[in-house]
Structures are given as structure tokens and as C-alpha cells.
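The values are calculated or read from the model by the stated rules, or taken from the named source; none is laboratory data. From a predicted model like this one, the values you see are computed outputs, not experimental measurements. Positions of Cβ are backbone-derived with ideal geometry, glycine not excepted, and every protein chain shown enters the neighbour counts. Side chains are part of the model used for accessible areas, which takes the heavy atoms of the whole protein and leaves out ligands, DNA and RNA. Shrake-Rupley method; radii C 1.70, N 1.55, O 1.52, S 1.80 Å.
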Amino acid sequence: MSREKKQQALPTASHYSSLFPTYQPFEAYFWMSDGLSHVVLNAPTVGAFDQALAFYCSVGFQIVTDAKDSEESIMGRLTWLSMFSDGDKRDLTIRLKLNPASSPKEVVSNDVDYTLEDIVLVIATSNLQKIEQVLNDSSKHCQKHEIQSDDKKDVSREIYTVDPLGNVIAFTNKASPFSSSLLDSYHVRHEGIPPTIELASRHVGQKKKIGVLTSGGDAPGMNACVRAVVRYGITKGCDIFAIYEGYQGLVDGGSFIKKMEWKDVRGWLAVGGTSIGTARCMPFKTREGRLQAANNLISNGIDALIVCGGDGSLTGADVFRSEWPGLLKELKESGKVSQEECDKYQHLTIVGLVGSIDNDMSSTDITIGAVTSLHRICESVDSISSTALSHSRAFVVEVMGRHCGWLALMAGIATGADFVFIPERPPSEDDWEQVMCDVAQRHRHLGKRKTVIIVAEGAIDKNLNAIKAEYIKDILTDKLGLDTRVTTLGHTQRGGSPAAYDRILATIQSVEAVEAVLRATPDSPSPLIGTSNNQITCRPLMKAVELTHAVAEAISQKNFARAMELRDPQFADEYDSYIASTIIDDQTMRLPEHQQMRIAILHVGAPAGGMNAATRTIVRYALNRGHTPLGVFNGFPGLLRGTIEELTWLSVDGWTSRGGSELGTNRSQPDVDMGMVAYQMQKHCIQGLILIGGFEAYSALLALEKARDKYPSLRIPLCQIPATVSNNVPGTDFSLGTDTSLNAIIDACDAIVQSARSSRRRVFVVEVQGGKTGYLAVEAGLASGANTIYIPEEGISLARLQADVQHLIDLYNDDDAEKSEGRIILRTESVSKTYTTDVICNILQDEGHHIFDSRTAVLGHIQQGGTPSPMDRIRATRLAVKSVEFVELHASAAFTEAHDSGKCQPIELTHSKESASVIGIMGTDVKFTPIDDLLGETDMKNRKSKKAWWYEHRPLVDLLSGRGLFASREQDERENRKE
Ligand code: ADP
């Protein structure tokens, strides 16, 4: 073949335009190919090669390289074509080769069913219309298939065509071949939650230099903050400086201020405390000190500061910002900064993040570190409980919290403590000692062998006198003769690896902090990044500091109602739940006899952390109200057999901290024998039914609701408390068990990464549960710093795998030569039947070319967790109290009449849809949503909710693991060269 022939110019876009008048490059979202890392297409002739090239370019491929002179192209022509995804320059790739040795394919006739032919390529695109238009315009014969999905709204469509080489290729608008979700509707579905993060979209304008510091008391999660600020900042094109030792480092300057690189924060997610140090700094409280700090910022070129600390640190930050113009002027006058610097650094941007274990900051529902601290407290109290039980002792446990009782109250709820003392709600009685003793005594009379009392370090009585642990001990010893010990938990509460919740909270808040820096204008007040209603908020910092001080002020003025009001709305609700469910009542909560009911509790589906805690609370609250709580053992089969028992106050003691399901649970549904279900309900006089479980419980509730027409005994209040690790139940943001599961996953991932880091360069493909929902993978991915995740909402493609392998190679090549490094990829179990965990592992192993190796880790039932996490226990308590209230609400009218007619069985309720509901957590509220109203947002086929608030976290997983890093570096280099 002649040299000229080989160097023949490649077709250009205009060449295609002439062939295909409607040709324009357009975007698709996913591409799937059924082959290897790229698809090889052989053209037997030059003519066929050209036609194929033109065809693939017309449907959206672009020429990446042509290897005219390479060895491979010795026969003539070789072209690599790629379809690109948004943030990633590697996706579906075709290697089009002129290969005269290949035999021409038989032409597929126009009238055969293409779906039955061998399909070489499946391309999933949200832009099917465009494809259709291109194919029609190029008069390519194409076949269409339309498949109506279950809910009749979504139409999944496929278009088949034959390329000039005779290969059948398919285009689809399905998210993946195995899913019924559509790309179009998928995007619509998530429209309400615009991803806040654009992958690697860099800040345009002057390069920001951001300083980050941690100050005041250390809190678990501060490292996750620094990591996210550094990494997100870098992808946004900023320079990030860590300021070591808090404000002291700012005042001292020099080596305390260090520019951070991507790799500097590797592994920080799992580390407790703060790796850049914190200090209490007296000089910063003086103007002199702040003047020095300002000078250091300017000399390092830093024009924005992100401060992570408690209210003291944030007060300091606000003072600093308000003084900035004066400080600048003084520095200019003393000749320490030039006029040019003065002009350049006229405005200092400060953004606050609240790192505090006390959860004592107003304007945010929760602070970074508080949940981890609660973990430590609950672990300690759980351990103390077993020794207390063995010796029949009383323990008084003192926890941190000067003006804030959050830790003490939440620990009280989560461990089922007998009594708690908090600063915001001192005992209302003068003789609180006697009240406490009465409560402990009542519990002991019921047969309880242990007494646990939790005291916040700032606890007071209503006259503002401190209530100290030692004093309580003396009372219990003297008045009740109990063998009582005091445990002051002290600094153990600060320590340890952050819980999943704190890692996620710190990460998403810090990303928002960087965004807030980039958004800031000279006139905007310094913001504080917080969380309200499960949403990230950005509110004026000074206002938050003022409100926080107002709590202490209100307490000092004995205005306790105001102090409670200033806490987040959940706080008062949780306090009431605690009282209602833990302390055996002295009959004051009891309902009149005719309103007392028989309420059954039944567990459905797989066990999830918090099921037992919810059951315990239902039992105790129901007893306080005068109801009869009934436990149905072993789910619906148990109900069919009539295995139903009354549960007593003592029988559920200790259930708060127990994992699994004490009642027994399974996946059986009521419709196997609805008649028998109805019969047993009638026989046992069940007047309200609370189901605790996941999607199986949801389906069961639906079936029971439908059967009400036929069976009067089902016309009673029916409700579900969502409990499943998958978090796929419609009508709630969180199911019980998800938090426990996330913690179990991150503990496992931390151990896996540590093992790999000690020995070799290894990638673990970790399989997590979740059914058809990617919640666990997304959130655990964020909390464990996973390299990437594979979730059912997106599917897996070879192209994606290829890109991921390349990214791992880039990362390992970038690592220090001597260092081993472990990385993890999370894969939801049901994401693909083809790309199993083993297949992915093998691909990584082979394609890693000895740069790294690969192993699998299938976490399986470990993910249900041993002991439920404090968050799950607290959520369980709250939902359980509300579920009893729900039953009372929907039964009261009917029971008035039932009582009058002297019958035990309820008379017919109205068929109100409200009386069959899911009890869910929406933001910070608990809401009852009729199951009827939830059907529209239920994807029955995939057993999940169509809403997925957590999906907005998805892009962060890839971004913070380094996706876009190399592109970002290249851009930096280009910019530097330009300068
Ligand atoms: P926390 O941030 O955990 O509440 P502190 O109250 O000890 O902890 O504050 C931490 C640091 O913040 C202090 O050591 C000091 O450097 C700085 N700071 C606190 N209050 C002020 C203030 N009013 N003015 C200037 N700096 C302050």
C-alpha cells in the first residue's frame, strides 16, 4: 500500500455534515458496550472503513487518534473513536480497523427482527430523539421498540440499526440493560435535587487562596473538614493553606502556615481529632495578636479563611473580620504592607464550620463531632450497664456539655437511662431528689436490677445550683441503699475515629464552605455553614453566635422555656419522647379505660438496627398510656399461627441496645392467607397494628389496606415504622438501621484499607447491600473515601470500568514510589448481573498491570451491624412514640362507640386512607403519610422510592477521590505556562 494512501486525510466534521445534514455533536449520558475494554470493528475495504467512520461520527462518536504510522496500521487504516461523558475523557471506545483479511458480514435484511440478531453495541442515551432523527435523515433503516413500564408513565424505547459493516447496534433510553428506569425520567426524577457539585468545574476569576484552621476544643470530623476543603478547593482551582495550631498558628505564621496538596490529606477521614492541631490562643483575643495574624495572612497571600471550631472560635472569627479594614490600615501605616497589598486584600472572607461535640451552636441542628461523641458515650454506658446489671448497682454517669444537654439527653434516650439531668430543663420540683428516687424505686419494684442516671456537666436545679454526680450518688446510696458508683467519661468522649454521620456531615458542609468562599462578595456577612431539616444551610455567622449566647443567657435568667426554644425543634420533641417512654409513669399519662387499646407490633423483612429499640419504646409508652402491647413473634407466619404475647415493661428492658429482632422477623407477606390474618386479628382483639420493617413491611401494609374492604377486623389503624438498611421505603428520609449499617460498612472499609496500606498496592471491590438502591454505597462511599461506587441508579458499563481502571493507574503512578496504598470501590450488590464483584475484581487485576492488584470483600450480613448506632436508637424512640400516638389518633372516635356498645372489637372505622400510613422522618419532622398517597412515588418493580434526596451527594464521591485531579493539574500547568 502506497505511503500517500496511508496518509490520506481523515474525514472532518464538515465531511460528515455533507453526508448527514443534521449532524451535530450531542451529549449522551451513559454508554454500554457488550465487549471488552473497547469494541473492535473490522472493515474489509477502504470504502467500508470510510462509511463506518462517517456513520459512527454521525451518531456522536469523535475521532480520538488515527494510527497511520503505527505498526498496527501496517495494513492501512486504524482509527480510535470515542464517545465522551461529561467530566471524563474516556468512555465508550471503538477501534475501527481496515482489515482486508476480515470477511464482509452478511447483510442483515430489513425485515428481520433486529432484536434477535447478535447486537455488537448497546448505547444508552437520553437523546434518543436525536439519534432517530440522524438515522432517518441518513435513510438508514432502523427498527423501533417501545416498552411501556409498570407505572405506565415511562416508556422505554429502543432503536436498532445496522452499521455500514453489517453490525447490529442498539440505542436505548434505559439507564442500563438490567434496569427499568429510563435516562429521561431518571433525570426528571432527580430534577428536584440539582446536584450542587459540578464535577471539576473550576472557579473562574482570580485564584482564591484559602486558609483553613481548626480551633477550640477538638471534635471528631475536623479532619474530614480539612480534607474536603483541601480537595474540593483544589478541584475548584484554589490554593489551600492549612494553618496549624488554630489561631496560634495564624498569629505565629512561618511554618505554621503550609500549602496543602491533594495527597497531604489522604486517609484523614478516619482519623479522630484534628491533624492540623488546635489550641486555645490568648494572643488572638487581643488586637495586637489579630494584627499579627492579619499580617501573616497577607504575607502568605491568603484572602479567605475557613474556621472550624466552637462558638468561641467563631466569635473570634467574626471579630477578626469586622476589624479587618482597621487592621489593614494599621499595617499599611506601619509599613508592613504595601499600598498594592492593601488594595488587593481589602476584604477578608471568613466562613464558619461548627466543630463541637456539645451540639451547642444555634442556627444548626447538629454540629460536627456531636454524633461521634454520642457513640463513645453509648459504648461506655452499654458497658457500664452490664456490670450494673451483674451487681445490681446504680451508676451515675457524667457527660460533657456546659450549657447544652444534647449529649446527656440523647445518651439517655439511646441507652434507656432511668433519669437525665440537663441544663435547659432542670427538674421542676424543689424536691427533685425525691422525684428521682421515686422513679428509680418504681423501676426497681418492677424487677429492674440496674439504675443508670446521666448528668450533663452543666446540669442545674431550677434555682441554678449545680447538680453534681457525687451528690446524686450520695442520695441514691443514702435514700435507696443502692450500691452506687460515679463514672465521669471525660475526654474519652472526644476521641476516636469519627462516626459515618460526622464524616458525611463534615464533608458536605466543607464543600459548601468552599462554595461560600467563592460566592462571597465584599458586602455579604460572614456565613456559618449549618444543617437544618437535613439540608445544608448558610446563615449569618454573627447571628448564630448571638443566638448561642442567648441560650446561656436564658438559663442564667431561669428562663428555661426560652432555652429549650432556642435549641433545634427536635430537641423538645425528643425530650418528651424520652420521658414518655423511659420513665414508668405514675398514672398521669394514662388514658380513660374506654380508650385503652390492644396494640400489636410485628417485625417484617430483614433485621435492621433499631427494630428492638422501637419495640421497647412502643411497649413502654403504650403501657404508660394504659394500652396492652402485644408482640407478634416471627412476623406474619407467627400471626397466622397466633403466636402473640403480651409484652411487659420488664420484658423489653435492655432492648434499646440490642441488634437484630427480638420478636423474630422474616419476609413473609400477609396475603398468603389474608383470611387467617384477619381471623387472628379478630381473635386477639387487635385494635391497632404497627409494622416495623423495610419494603416488605411497606408491601404488607399495602396488602392489608387493600384487604380492608373484605375484612372488617383490618379496619383499624395500621402503620409502618420504616426499618431497613437499604433506605428504600417511600415516605421517609431515613429508615431505622441505615445509620448502623453505614457505621458497620465504614468500620470494615477502614480495616480493609489499613490492611492494604500495610502491605501492598491493592484495590478492594467491596460489595454492599441496598437492593436496587444506591443509598448505602453513596453515603458509605463518601464516609470511607471510596475511589468510586457502582450503584443501580447508574448501572455499570465497560466504558466506565475502563475509565476507572485508568484513573486507578493514574493515582497509583502518582503515589510515592515506596508507599503501599489501599483503595476501595463500593459496588451495590444488585447493580449488574454481568459485572459481578468478582468480574470487576478480575478486570482490575488484569488491567492493573502489576501497578496494583485487586481483591473482593463481600460484607454481607455484617452490614446489619451488631449493636444499633445511637442515631438509630434515637430515631427509633421518636418514631415509636409517634406510632402509638398515630394509633390513638385514628382509633379514638371508633373506640368511643365501641365502648358504648360494650364490644371489645372495634366497630368499623371509616375507610380513611389516613389510617394506613407510613411514619417517616422528613427533615427534622416526623410525618404520617397515607400509603395511598405514596404509591405515586413508589417504584414497585425495583422496590424503592423514586425520590432520592441523597443522590445529590453522588458526584462528591468521585470528585473527592481524585476524579478530575489530573485534568485540574494539567489546567494549572497550562495556566502557569501562560503566566
Ligand atoms: P471553642 O471554639 O471550642 O468554643 P474557645 O471558646 O476556647 O473554644 O475559643 C477558641 C479560641 O477562639 C480562643 O482560644 C481564642 O483564640 C479565640 N476566641 C474566642 N473568643 C474570642 C473573642 N471574643 N475574640 C477573639 N478571639 C476569640
In square angstrom, rounded to the nearest 10, how much accessible surface does R761 have for a 1.4 Å probe?
60 Å²
For the stretch 371-383, just list the computed ³J(HN,Hα) in residue order, Karplus coefficients 6.51, -1.76 and 1.60, θ = phi - 60°, integers in Hz, with x standing in for Gly and Pro.
5, 5, 4, 4, 4, 4, 5, 5, 4, 5, 5, 4, 5
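Place the peptides 345-352, 705-712, 789-796 in order of packing, highest mean first, counting for every residue the other Cβ atoms within 10 Å and averaging per peptide.
Working: 345-352: 22.4, 705-712: 15.5, 789-796: 24.0.
So the order, starting with the most tightly packed, is 789-796, 345-352, 705-712.
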With 0.36 nm assigned to each residue of separation and the Cα-Cα distance removed, V319 to R667 gains 119.4 nm
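Could you look at the stretch 648-729 and say what percent of its accessible area is carbon and sulfur, using a 1.4 Å probe and all protein chains? Don't skip to the end; give the middle numbers.
Values: 1230 of 2520 Å².
Heavy-atom surface of the stretch 648-729 belonging to carbon and sulfur, 1.4 Å probe: 49 percent.
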For the stretch 336-392 and the stretch 592-657, what is the separation of their Cα centres, given in Å?
37 Å
Quick calc: nm separation of the 7 Å Cα→Cβ label points for H491 and D523 -> 4.8 nm
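Averaged per residue, what accessible surface does the stretch 581-696 expose to a 1.4 Å probe, in Å²?
Details: 3730 Å² over 116 residues.
That works out to 32 Å² per residue.
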Quick one: pull the percent of accessible area on the stretch 377-494 belonging to carbon and sulfur, 1.4 Å probe, ligands and nucleic acids left out.
48 percent
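If I compute solvent accessible area with a 1.4 Å probe over the protein chains, what percent of it on the stretch 577-632 is carbon and sulfur?
Taking all protein chains in place, the stretch 577-632 shows 47 percent carbon and sulfur surface.
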Summed side-chain charge close to A614 - residues other than A614 whose Cβ falls under 10 Å, Lys, Arg +1, Asp, Glu -1:
+3
Rounded to the nearest 20 Debye, what is the dipole magnitude of the stretch 377-494 about its Cα centre when Lys and Arg each give +1 and Asp and Glu each give -1 at the C-beta?
360 debye
D814 accessible area, 1.4 Å probe, all protein chains in place, Å² to nearest 10
40 Å²
Using heavy-atom solvent-accessible surface (probe 1.4 Å) with all chains present, what is the largest-first order of K130, K344?
K344, K130
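With every protein chain present, what is the per residue accessible area of the stretch 377-494 (1.4 Å probe, Å²)?
Details: 4490 Å² over 118 residues.
Accessible surface, normalised per residue, equals 38 Å².
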Where K336, K97 fall by accessible area, highest first, once all protein chains stay in place (1.4 Å):
K336, K97
Placing each pseudo-label 7 Å from Cα in the direction of the beta carbon, D932 and H850 end up separated by a distance in nanometres of 6.9 nm
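Could you tell me whether the stretch 639-692 comes out rounded, prolate or oblate from its Cα gyration tensor? Rule is a ≥ b ≥ c as square roots of the eigenvalues, rounded for a/c under 1.5, then prolate if a/b exceeds b/c, otherwise oblate. Working shown, then result.
On the way: a/c = 2.83, a/b = 1.61, b/c = 1.76.
In terms of gyration-tensor shape, oblate.
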Among 353-360, 429-436, what's the highest-first ranking by average C-beta atoms within 10 angstrom per residue?
353-360, 429-436
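Of the listed pairs K236/K263; K207/K285; K208/K336; K236/K258; K558/K927, which have alpha-carbon separations greater than 28 Å here? List each step's numbers first, then the result.
On the way: K236/K263 16 Å; K207/K285 30 Å; K208/K336 22 Å; K236/K258 19 Å; K558/K927 33 Å.
The answer is K207/K285; K558/K927.
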If ligands, DNA and RNA are left out, what is the accessible area of K927 with a 1.4 Å probe, given in Å² to the nearest 10?
90 Å²
Label model pair K285, R562: point-to-point distance (7 angstrom along the Cα→beta-carbon line) in nm is 2.5 nm
Residues with amide H under 5 Å from that of A43, placed H, sequence gap 5 or more:
K97, L98, N99
Taking the alpha carbon gyration tensor of the stretch 377-494, what are the square roots of 5 times its eigenvalues, largest first, to the nearest whole Å?
20, 18, 12
Karplus (6.51, -1.76, 1.60) ³J(HN,Hα), θ = phi - 60°, over the stretch 527-543, in Hz, Gly and Pro reported as x:
x, 10, 8, x, 9, 9, 6, 6, 10, 6, 10, 9, 10, x, 4, 5, 4
14 Å beta-carbon shell around Q493, net charge (K/R +1, D/E -1)
-4
